[in-house]
Amino acid sequence: MENNNDQLPLWEVFIQKGGSPFKHEGSIHASDKNMALQNARDIYTRRGEGRLIWVVPSDSIAATTVEEEAEFFDPADDKIYRHPTFYKMPEGAKNI
Amino acid sequence: MTEEEKLNHFNSLIERDEKIEPKDWMPEAYRKTVLRQMTQHAHSEVIGMQPEGNWVLRAPTLRAKKILLAKIQDEGGHGLYLYSAAETLGMDRSEMIEQLHEGKAKYSHIFNYPTLNWADIGAIGWLVDGAAIVNQVSLQRTSYGPYARAMVRICKEESFHQRQGYEIMATMMNGTTAQKDMAQDAMNRWWWPSLMMFGPSDKDSWHTQESMHWKIKRASNDDLRQKFIDKTVDQAYVIGLTVPDKDLKFNETTKHWEIGDINWDEFWNVVKGNGLCNHKRISHHIQYHNEGKWVRQAVMSYSEKMNAIQTAASI
Ligand SMILES: [Fe+2]
Ligand SMILES: [Fe+2]
């Protein structure tokens, strides 16, 4: 059996459509930026799923981890005054 | 978190019908099962391009050829969505392909049958894709996030596949006697193997229970098979095809079609490697994979050189 270990590098694909934010669609393999964009187009936009594509080398993405999730998001969890429902509005006040 | 807390957290996500994501903790058996199912599914999409590819150059019209090419391209795309979903669990794609080549990873047994005449292309689209759709619609709700999202994307593309196949069958059933005979012959050969695509009967399927418990599978093999039978028998009737099952009968109480016995020996024989095309499918894949090696090497060395030039220029 021949050595198979020669897959091209992994890229993450983000696509934007109709004024929405870019959305992660999946990943592809490609040797460089141009091939990554072309492969992303061929694989993820065969039916007009969007006209703007970002490709990012997968190993360039920094991500939070599940282990540190609690600690990382902790600073936001006790600030309930960031939510509009925290405030008491006077009886009879409307449209606020 | 202790191991027990992790397991409880995982179980509560499953119970609430939430998705398990790649970096989440999951039981080893869950990871293994999802990975096996996704790679098997990916290989099926890719190997499934071969029986249809067999007819691209002999498609009867330019319209038919364009449709078949677009359909096969979609299947390649489905394979790639699924490989990338499987890669989120940390297995390298090279390893997946190696497993396929060495026979350690399976693909759907259906693609080991040959495509003998043009009506087979109709039968594949209508019956094989039709069966796949029933399964895939249910898998849109599978508990592993990347798998579920790949299924949503795939299902959007599949209905054209089934319709183009049914159109071929309908056209031939409107044609000459010879054409009708070809369509019926394809129906006779593809009907039973399509029913086997859902896998062994629930009472003999050792994977099903665990998979249902973790919501990897959302419906049992027999339930999915019944759904397919009920839809398809009526469609066959509409275009004048006979279902090749002398025991087929409609149960007025349950409102379901009941079929005769499935020949599971045939199924297991093909799964074990003794179908008409098992060897051909894999050796074809190995051949083209190896012949593409120089291309992968060339594009990588081009990219490395271009990077070096850019780095030198920016210093
Ligand atoms: Fe497919
Ligand atoms: Fe399909």
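Could you give me the residue pairs with C-beta distances under 8 Å whose first residue belongs to region B:145-161 and is without any contact (Cβ under 8 Å) to a residue 24 or more places away in the chain, whose second residue is among the polar types (S, T, N, Q) wherever it lies, and which are 6+ apart or on separate chains?
So the pair list comes out as B:Met151/B:Gln136; B:Met151/B:Gln140; B:Met151/B:Thr142; B:Val152/B:Gln140; B:Cys155/B:Gln136; B:Cys155/B:Gln140.
Please go through (1) within 10 Å of chain A (Cβ to nearest Cβ); (2) open to solvent by 80 Å² or more (accessible area, probe 1.4 Å) for B:Val299 and return the number of the only condition it doesn't satisfy.
The failed condition is (2).
Filter region B:186-213 for residues that are of a type in the set (Phe, Trp, Tyr) and either within 16 Å of B:Ile133 (Cα to Cα) or buried (at least 21 other Cβ atoms within 10 Å of the Cβ) (or both) and give the result.
Let us first name the residues in region B:186-213 that are of a type in the set (Phe, Trp, Tyr), namely B:190-192, B:198, B:206.
Those that are of a type in the set (Phe, Trp, Tyr) and either within 16 Å of B:Ile133 (Cα to Cα) or buried (at least 21 other Cβ atoms within 10 Å of the Cβ) (or both): B:Trp190, B:Trp191, B:Phe198.
Can B:Asp181 be described as part of a helix (DSSP H, G or I), open to solvent by 10 Å² or more (accessible area, probe 1.4 Å) and over 30 Å from B:Asp24 (Cβ atoms)?
Details: part of a helix (DSSP H, G or I): yes; open to solvent by 10 Å² or more (accessible area, probe 1.4 Å): yes; over 30 Å from B:Asp24 (Cβ atoms): yes.
So B:Asp181 fits the description; yes.
Taking region B:80-120, which residues are under 21 Å from B:Ser159 (Cα atoms), within 10 Å of chain A (Cβ to nearest Cβ) and either open to solvent by less than 10 Å² (accessible area, probe 1.4 Å) or among the aromatic types (Phe, Trp, Tyr) (or both)?
Listed by number, the residues that qualify are B:Tyr81, B:Leu82.
With the requirement that a residue be surrounded by 23 or more Cβ atoms within 10 Å (Cβ to Cβ) and closer than 24 Å to B:His109 by Cβ, what does region B:140-157 give you?
Of everything in region B:140-157, those that are surrounded by 23 or more Cβ atoms within 10 Å (Cβ to Cβ) and closer than 24 Å to B:His109 by Cβ turn out to be B:Thr142, B:Tyr144, B:Tyr147, B:Ala150, B:Met151, B:Ile154.
Step by step: first the residues of region B:91-120, then only those that are touching a residue at least 40 places away in the same chain (Cβ under 8 Å) and among the polar types (S, T, N, Q), then the one that is farthest from B:Ser44 (Cα to Cα). Which residue is that?
Looking only at region B:91-120, we keep the residues that are touching a residue at least 40 places away in the same chain (Cβ under 8 Å), and these are B:91, B:96-97, B:99-101, B:103, B:105-120.
Now restrict to residues that are among the polar types (S, T, N, Q): B:99, B:108, B:112, B:115, B:117.
Details: B:Gln99: 13, B:Ser108: 5, B:Asn112: 10, B:Thr115: 16, B:Asn117: 22 Å.
Looking at residues that are touching a residue at least 40 places away in the same chain (Cβ under 8 Å) and among the polar types (S, T, N, Q), I get B:Asn117.
List the pairs whose first member sits in region A:33-52 and is away from every other protein chain (no Cβ under 11 Å), whose second member is open to solvent by 50 Å² or more (accessible area, probe 1.4 Å), and whose Cβ atoms are under 6 Å apart, counting only residues at least 6 apart or on separate chains?
Close Cβ pairs (under 6 Å, with a partner that is open to solvent by 50 Å² or more (accessible area, probe 1.4 Å)) amount to A:Gly50/A:Lys17.
Quickly run through region B:267-294 and pick out the residues that are open to solvent by 50 Å² or more (accessible area, probe 1.4 Å) and under 18 Å from B:Asp222 (Cβ atoms).
Hit for region B:267-294 is B:Trp268, nothing else.
Going through region A:21-49 one residue at a time, which ones are open to solvent by less than 40 Å² (accessible area, probe 1.4 Å) and assigned to a helix (DSSP H, G or I)?
Of everything in region A:21-49, those that are open to solvent by less than 40 Å² (accessible area, probe 1.4 Å) and assigned to a helix (DSSP H, G or I) turn out to be A:Ala36, A:Ala40, A:Ile43, A:Tyr44.
Consider B:Ala123 carefully, then state whether it is in contact (Cβ under 8 Å) with a residue 12 or more places away in the chain, within 12 Å of another protein chain (Cβ to nearest Cβ) and surrounded by 24 or more Cβ atoms within 10 Å (Cβ to Cβ).
Numbers: in contact (Cβ under 8 Å) with a residue 12 or more places away in the chain: yes; within 12 Å of another protein chain (Cβ to nearest Cβ): no; surrounded by 24 or more Cβ atoms within 10 Å (Cβ to Cβ): yes.
No, not satisfied.
What number of residues in region B:127-179 are closer than 18 Å to B:Ile229 by Cβ and more than 11 Å from ligand 2 (Cβ to nearest atom)? First the steps, then the outcome.
First pass over region B:127-179, keeping only residues closer than 18 Å to B:Ile229 by Cβ: B:127-138, B:162, B:165-166, B:169.
So of that shortlist, the ones also more than 11 Å from ligand 2 (Cβ to nearest atom) come out as B:127, B:134-135, B:137-138, B:166, B:169.
Result for region B:127-179: 7.
Quick check, is B:Lys66 surrounded by fewer than 18 Cβ atoms within 10 Å (Cβ to Cβ), assigned by TED's automatic domain parsing to the domain that holds B:Asn188 and closer than 30 Å to B:Phe267 by Cβ? Don't jump to the end; show me each part of the working.
Working: surrounded by fewer than 18 Cβ atoms within 10 Å (Cβ to Cβ): yes; assigned by TED's automatic domain parsing to the domain that holds B:Asn188: yes; closer than 30 Å to B:Phe267 by Cβ: no.
Against the criterion (surrounded by fewer than 18 Cβ atoms within 10 Å (Cβ to Cβ), assigned by TED's automatic domain parsing to the domain that holds B:Asn188 and closer than 30 Å to B:Phe267 by Cβ), B:Lys66 does not qualify.
Identify, please: which residue in region B:68-90 is away from ligand 1 (no atom under 15 Å from the Cβ) and out of contact with any Ser or Thr (no Cβ under 9 Å at 6 or more places or on another chain) and is, among those, modelled with the lowest pLDDT?
Filtering region B:68-90 for residues that are away from ligand 1 (no atom under 15 Å from the Cβ) and out of contact with any Ser or Thr (no Cβ under 9 Å at 6 or more places or on another chain), the one modelled with the lowest pLDDT comes out as B:Gly90.
Among the numbered criteria (1) within 13 Å of chain B (Cβ to nearest Cβ); (2) at pLDDT 90 or above; (3) over 15 Å from the mean Cα position of the chain (by Cα), which single criterion is violated by A:Thr85?
(1)
The values are calculated or read from the model by the stated rules, or taken from the named source; none is laboratory data. Here the structure is a predicted model, which means the values were calculated and not measured. FYI the Cβ positions are ideal-geometry reconstructions off the backbone, even for glycines, and counts take in every protein chain you see. Areas reflect the complete protein model, heavy atoms only, side chains present, ligands, DNA and RNA absent. Shrake-Rupley method; radii C 1.70, N 1.55, O 1.52, S 1.80 Å.
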